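Asks: Here it is: the structure, laid out below.
The values are calculated or read from the model by the stated rules, or taken from the named source; none is laboratory data. If you're wondering where the values come from, they're calculated on a predicted model, not measured in any experiment. FYI the Cβ positions are ideal-geometry reconstructions off the backbone, even for glycines, and counts take in every protein chain you see. Calculation scope for accessible area: heavy atoms of the full protein, side chains included, ligands and nucleic acids excluded. Shrake-Rupley method; radii C 1.70, N 1.55, O 1.52, S 1.80 Å.
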Amino acid sequence: MERKGRERKLPGMKIVMPTPVETPTMNLEDRCLIKLTNESEEIEIAATDLVVLEELGKGGYGIVEKMQHRQSGIIMAVKRIKSSINDQSQKQMLNELDACRRSDCCPQMVRFYGAMFREGDVWICMEVMDTSLDKFYRHAYKIGKHIPEPFIGKMALSVIEGLNFMKEQLNLIHRDVKPSNILLNRHGQVKICDFGISGHLTNSMAKTVQAGCKPYMPPERIDGETKSAYDVRADVWSLGITIIEIAVGTHPYANWKTPFEQLKQVVKEPPPKLPMESGFSVDCQYFVKRCLEKDYNERPKYPELLAMPFMEQARNEKQFSMARFINEILDTVWRR
Amino acid sequence: MGMSATMGDSASIPGVFFADFGPAPPEITPEGYHEVELNKTKWVLPQWYNSLKPLGEGAYGVVCTAEYEPTGDRVAIKKFFRPFQSTIHAKRTYRELKLLRTLQHDNVLEMIDVFTPDPDASSLNNVYFVSVLMGSDLQNIMKIQRLTDEQIQLLIYQVLRGLKYIHSAGIIHRDLKPSNIAVNERCEVKVFLSFSQLSFLILSFFKILDFGLARAQDAEMTGYVATRWYRAPEIMLNWMHYTQTVDVWSVGCILAELVSGRPLFPGDDHIDQLTKIMSVVGTPKEEFWSKIQSEEARNYIKNRSPIIRQDFVTLFPMASPYALELLEMMLILDPDRRISVSSALRHDYLREYSVPNDEPVAMDTVINSIVTIDPAEERATTLSDWRELIWNEIRLFQNSARRLSFVSCTDTEEEPMKI
């Protein structure tokens, strides 16, 4: 077969091959030392000694599994993220590891045990919780229960205190606040996870790569003509959307087929709000309204939110037991 | 074994208990295979692959190079990341294997071996894919050098030649970008059908709207910023109602980047992407507006200030007149007016390397294999269903004549000129 044209050699046709880039291990070993609490002794864990008990979740990032260490019986959640030569992705993982290591003294953060590298993945070992807010509220509605206001108040209080801590102490913002990143346990604790896309907060107008789960993204991040630097108020918007979702049982926005439908609804139309007939208090409705101010300059930051009456009530509420409510929902089996 | 006092104290921690499980049982390496630990990854390979070296990462898998002992050729081996993480992942793995088993063209990256050390379908968890070793990909090549105009012509011609074949098989690539174009020292090109878009290949052909899959797909792709930079505007405007010319747009973006040395439309997100596109090619005319099916998208564009198409001569001062002409025809907003692959192959810019009689299309057997939906595939819903299907694909390829029939595409020394 005649192939003269394509195979003719020209001077200078040879292409210099770049040096292959190895899969970055981010200086991680395939084992790590972990401490279950600040007081306990360190235990060495090897990736190959972890046994999968069940899958806890998955997404575009990878997978989270409940795993057990064979020798010690320790149970933990292990999030496996593909290590990547994509700079942005690598940076995100570095931020997550850094944020996790420094969050020991924050009770509203899921405890980070350690990190390893194995089979092309970064393994992030964390405290295992009993459920995510996402699964929890869906299950509640399935069994015919609604989410009461005291639960919403205490959940929001924990989340805001955790986010405020991360901002004040570690200068990090979350950027992906949503129900599946808010975890609950049977002791009644509410904790935040996945600061995987946190970035160091700056006051500059430096552009950031689009981050945050789209359905929870604030209007100033969507409208191309008014894009602005990311700050904590974007997470406040995401929290407001989260509250409405668990309060009424569905996400306030429809599934968008194109980014332009999102643009229209989130940027052009009025913000969602708690329905008047839903039975929530005026303080609760006002709190949500403030979280969902479309003009982010008008939207409150954490200290202002924490000072609002709704948060004060959540702090002082003694009649409602988070532990009892969470166990009640989790222990009720849904029957068709 | 007696528990230490420390461990006893720790036992009171909620949610944690201790037990001595003893050492992990040794994993058995199947006969004919050997085990290699490389870059904190375990590789279980047939005996004929040796001398492993780390190579880096492909989409959805880790990659190494190895020597194929019988001939001494080096090959690339990809170990799939968690191919059974979900039914979507499994479906992708299956479709990629099926396509790679079926497609055969010298400008499309071919599978030369596929294997698993797992003994049967029910325990299938590890899948390895072997291909010829190309030197690098275009993205990494562009990082260290500017290519000459002759090299660019030869590269673009081969990409279009590969696309002609892919399109003739009823497939739209949809994710063409520099990192999906493998190139060797001799300026030979193989288009890489990466994992991330395979789930759409057959769907695109049948124009089946599977929003569930589309949503998952898009959710993953938005995490990879660079993916959007080469994407045709109608993908964002008409969401899954597009044709083969989406790939021509991508080639245009790549050609522009090769000529200028920087990405043409590095958008931050979908809307920013479209804004950057319109700032160069101008806002669409009335005839294109009417083709946009999304009312929100139409309104968005109508409300923007009109922009006139930029002068490509000013935009690409280094480009030759023929390159500019081809770019103009490729980077047209309206896909119906954009140049086709067949016409682009005949453009004067590529004349030097054009061989019209050697631009093969897919045979009927290939097309039939791709468009025919296997009843078992249609019925597949569980991971074990997909394991069975993937197992069959592996066996089909291993029994075919194409297995391990290859020559190395990497130069270690200059070869005599071929006539």
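Asks: Which of the three applies to segment B:293-399, rounded, prolate or oblate, going by the alpha-carbon gyration tensor with a ≥ b ≥ c and a/c under 1.5 meaning rounded?
Replies: Oblate shape, in that a/c is at least 1.5 and b/c is the bigger or equal ratio.
Asks: Arranged from highest to lowest average of other beta-carbon atoms within 10 Å per residue, in what order do the peptides B:297-307, B:177-187 appear?
Replies: Highest mean packing first, the order is B:177-187, B:297-307.
Asks: Any chance you could check segment B:62-86 for residues losing 30 Å² or more of accessible area when the partner protein chains are in, compared with the chain on its own (1.4 Å probe)?
Replies: SASA drop of 30 Å² or more in segment B:62-86: B:F81, B:R82, B:Q85.
Asks: Once the other residues with Cβ under 10 Å from the Cβ of B:L404 are scored (Lys, Arg +1; Asp, Glu -1), what is the net sum?
Replies: 0
Asks: When only the heavy atoms of the protein chains count and the probe is 1.4 Å, how do A:F320, B:F115 rank by accessible area, highest first?
Replies: So, going from the largest accessible area down, we get A:F320, B:F115.
Asks: Here is a follow-up. Once both labels are modelled 7 Å past Cα along the beta-carbon direction, what's the B:S340-A:I143 spacing in nm?
Replies: Output for this residue pair reads 6.1 nm.
Asks: Counting only protein chains, not ligands or nucleic acids, how are B:H34, A:H187 ordered by accessible area (probe 1.4 Å), most first?
Replies: Result, largest first: A:H187, B:H34.
Asks: By per-residue mean of other Cβ atoms within 10 Å, what is the highest-first order of A:300-310, A:273-283?
Replies: Ranking the peptides A:300-310, A:273-283 by packing returns A:300-310, A:273-283.
Asks: Filter the cross-link list A:K35/B:K91; A:K79/B:K143; A:K14/B:K40; A:K178/A:K268 down to pairs whose alpha-carbon distance in this structure exceeds 30 Å.
Replies: A:K35/B:K91; A:K79/B:K143; A:K14/B:K40
Asks: Still on this model: Cβ under 13 Å from A:D283's Cβ, A:D283 left aside: what net charge do those residues give with Lys, Arg +1 and Asp, Glu -1?
Replies: With Lys, Arg at +1 and Asp, Glu at -1, the neighbours total 0.
Asks: Put A:E293, B:E96, B:E388 in order of accessible area, largest first, 1.4 Å probe: what do you get?
Replies: Greatest to least solvent exposure: B:E388, A:E293, B:E96.
Asks: Taking each residue in A:65-73, count the Cβ atoms of any other chain within 10 Å of its Cβ, then average. What number comes out?
Replies: Other-chain Cβ atoms within 10 Å of each residue's Cβ, averaged: 4.
Asks: Find how much the distance from A:Q319 to A:E44 grows on full extension, using 0.36 nm per residue of separation minus their present alpha carbon separation; answer in nm with one decimal.
Replies: Residue separation times 0.36 nm, minus the Cα-Cα distance, leaves 94.7 nm.
Asks: Note down the net charge around A:A314, summing +1 for each Lys or Arg and -1 for each Asp or Glu among other residues with Cβ under 14 Å from its Cβ.
Replies: Result for the neighbourhood of A:A314: -2.
Asks: Once you put a point 7 Å from the Cα of A:M276 and another 7 Å from the Cα of B:W48, both along the Cβ direction, what distance in nm separates them?
Replies: Between A:M276 and B:W48, the simple spin-label model gives 7.8 nm.
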